[in-house]
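A short worksheet on the structure shown next.
Taken together, the values in this text are just the output of simple stated rules run on the coordinates, not laboratory data. These numbers were taken from a predicted model, which means no experiment stands behind them. As a convention, Cβ positions derive from the backbone with ideal geometry for all residues, glycine included, and neighbour counts pool all protein chains shown.
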Amino acid sequence: MRKPFIAGNWKMNMTPSEGRAFAAELDKALKHTPVRIAVAPPFITIPAVVEVLKHSSIQVASQNMADHESGAYTGEVSPAMLKDAGVSVVILGHSERRSLYGETDAVVNAKLHLALKHEFDVILCVGETLEERESGKLEEVLKRQIVEGLKGVNGHAMSAITVAYEPVWAIGTGKTATPQDANDAHAFIRTVVEGLYGKSVAESLIIQYGGSVKPSNVSDLMAMEHIDGALVGGASLTLEQFVPIVTFDAR
Ligand code: 13P
């Protein structure tokens, strides 16, 4: 039985004061929810949110992390800094990091090893562009991102890893993958992971769907066999939308 995991990626939204106030409201609204929940504020907002959520079951995630331990990397944030600030989950390989900031599979893999060394849980994001999907490359792209992203990771470490399937064309566009299309992609990801680590690791892997998740589509998505959670962008920024997403009707 895979426990649902719903995470809100705030992207470049929420100042420290806004994040503090919002996290407090969220904590009040989501007490006793049987779902695993995380929020990922911008780096500078993390301490304010950790302060508010320190006694909460809502975990605090970062949206990114440096690929080095420390040193002359202007503008980067190290694993030790995130650990010390109270972060427990790191999101790696988000499509915006890949497409806007040039992160390759090799960079994502280096970050992932560093994150595991520092005992973070990781959400590894994968997903194809519209062009890749339309040219029949969906499986090739997903397989490459999974195999390269997880290179050198052993099966025991896989319990710390969640995969987020986020088709690039569905992010921030209002266009959601159909539950069937998303489920097919998730099933394929599980097959790739089974090839790498065997059936039991693959069957316990949590795979989130991300891309225009909203209160109106979350239940249909979560009803699918291989969809175990959601990575939510825009709709994680208001209580009106994020609370009903987290408390989706399980069917
Ligand atoms: P939206 O929910 O805004 O489409 O964003 C999805 C996403 O990128 C979450 O990481």
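Each label was represented as a point 7 Å from its Cα along the Cα-to-Cβ direction; for K31 and D181 these points are 4.1 nm apart. Legend: ranking of residues T238, T162 from fewest to most surrounding C-beta atoms inside 10 Å; resulting order T238, T162. Computed over the chain, relative contact order equals 20 percent, with contacts defined as Cα pairs under 8 Å that lie 6+ residues apart. Once the gyration tensor of the Cα atoms in region 15-101 is diagonalised, the equivalent ellipsoid follows with semi-axes of 25, 14, 12 Å, ordered largest first. In terms of surrounding Cβ atoms within a 10 Å radius of their Cβ, S219, S236 rank from fewest to most as S219, S236. Shape verdict for region 50-192, please, from the Cα gyration tensor: rounded (a/c under 1.5), prolate (a/b greater than b/c) or oblate. Prolate, since a/c reaches 1.5 and a/b exceeds b/c. With contributions of -39500 (n - 2.57) from each DSSP H run of at least four residues, the per-residue ellipticity at 222 nm computed over the chain stands at -12500 deg cm²/dmol.
Taking the Cα centroid of region 176-240 and of region 122-146, what is the distance between the two, rounded to the nearest whole Å? If we compute the Cα centre of each part, the gap is 14 Å. Can you classify region 1-41 as rounded, prolate or oblate using the Cα gyration tensor, where a ≥ b ≥ c are the square roots of its eigenvalues, rounded means a/c under 1.5, and otherwise it's prolate if a/b beats b/c and oblate if not? In terms of gyration-tensor shape, oblate.
Measuring between alpha carbons in the structure, the pairs from K111/K175; K28/K111; K151/K199 lying more than 22 angstrom apart are K111/K175; K28/K111.
Couplings 3J(HN,Hα) for region 48-64, derived from phi with the Karplus relation 6.51 cos²θ - 1.76 cosθ + 1.60 (θ = phi - 60°), are 5, 6, 4, 4, 6, 9, 5, 9, 9, 7, 6, 8, 9, 10, 9, 8, 6 Hz, where x marks Gly and Pro.
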